[in-house]
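In what follows, a single structure is set out as structure tokens and then discussed.
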Amino acid sequence: MSLSNNKGVMLLAFLVVVSLWFPSTLARDVAIPNDKILSKSRVYVRNNLEDKSDVNIHCKSRDDDLGEHVIKPGERYEWKFRVSIFGNTLFGCEVKTKYGSGIFVLYNASEDEKGDDGYVGWEVRTGGVYGLNRIQHYAWQK
Ligand SMILES: *[C@@H]1O[C@H](CO)[C@@H](O)[C@H](O)[C@H]1NC(C)=O
């Protein structure tokens, strides 16, 4: 084996060691604030109106407008998103029923209380919008 080949083998070995070592160094140096950047957040709103009427919903965050949707009786509307690591992700939704309407915060990253199914769940009833994983009830505003 010539001297230059030996150098080549050593260089290769060096590169292998560096490439094995470097990713783990990166992983240690990059701060991961919490599991929110790794997993998507999910929210759903279920129509539980007993008279089987529709619910109209329109949700928005600062970056996303999800558009208007009709939630049929017994069905649920859901959406998923990644929580911004800078600032606080909020979704506000205008909810309209024949019993009343209002604009409510249905997702607040600072509170983010998921149920066992991984969703922040809400139920629309005649009295307003009820949180399923926390003690939260929004009465109709109008
Ligand atoms: C989001 O939650 C935080 C922490 O509870 C609260 O201080 C803040 O007012 C909430 N934001 C909105 C818009 O409800």
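The values are calculated or read from the model by the stated rules, or taken from the named source; none is laboratory data. Everything numeric here is computed off the predicted structure, so don't read it as measured data. Here Cβ is always computed from backbone atoms with ideal geometry, including for glycine, and neighbour counts include all displayed protein chains.
Applying a threshold of 6 Å to beta carbon distances and a minimum spacing of six or more residues, or different chains, the list of pairs starting in region 92-113 at a residue that is on the phi < 0 side of the Ramachandran plot and ending at one that is among the small types (G, A, S) and within 12 Å of the ligand (Cβ to nearest atom) reads I103/G92; V105/G92.
With the structure loaded, tell me whether D54 is away from the ligand (no atom under 16 Å from the Cβ) and without any contact (Cβ under 8 Å) to a residue 12 or more places away in the chain or whether it fails that test. Against the criterion (away from the ligand (no atom under 16 Å from the Cβ) and without any contact (Cβ under 8 Å) to a residue 12 or more places away in the chain), D54 does not qualify. Taking region 41-55 as the range and being assigned to a strand (DSSP E or B) and among the aliphatic types (A, V, I, L, M) as the test, the residues that pass are V43, V45, V55. Here region 86-103 is the region considered, the condition is being surrounded by fewer than 19 Cβ atoms within 10 Å (Cβ to Cβ) and within 16 Å of the ligand (Cβ to nearest atom), and the residue that is modelled with the lowest pLDDT is G87. Taken over region 112-122, residues that are of a type outside the set (G, A, S), away from the ligand (no atom under 16 Å from the Cβ) and in contact with a strand residue (DSSP E or B) (Cβ under 8 Å, 6 or more places away or on another chain) amount to 1.
Scanning region 69-85 for residues that are surrounded by fewer than 16 Cβ atoms within 10 Å (Cβ to Cβ) and within 14 Å of the ligand (Cβ to nearest atom) yields a total of 1. Here the strands (runs of 3 or more DSSP E) wholly within region 56-142 that include at least 1 residues being among the aliphatic types (A, V, I, L, M) and within 16 Å of S41 (Cα to Cα) are 65-71, 90-97, 100-108, 119-125. Comparison of A109, A139 shows that the only residue that is within 16 Å of the ligand (Cβ to nearest atom) and loosely packed, with under 12 Cβ neighbours inside 10 Å is A139.
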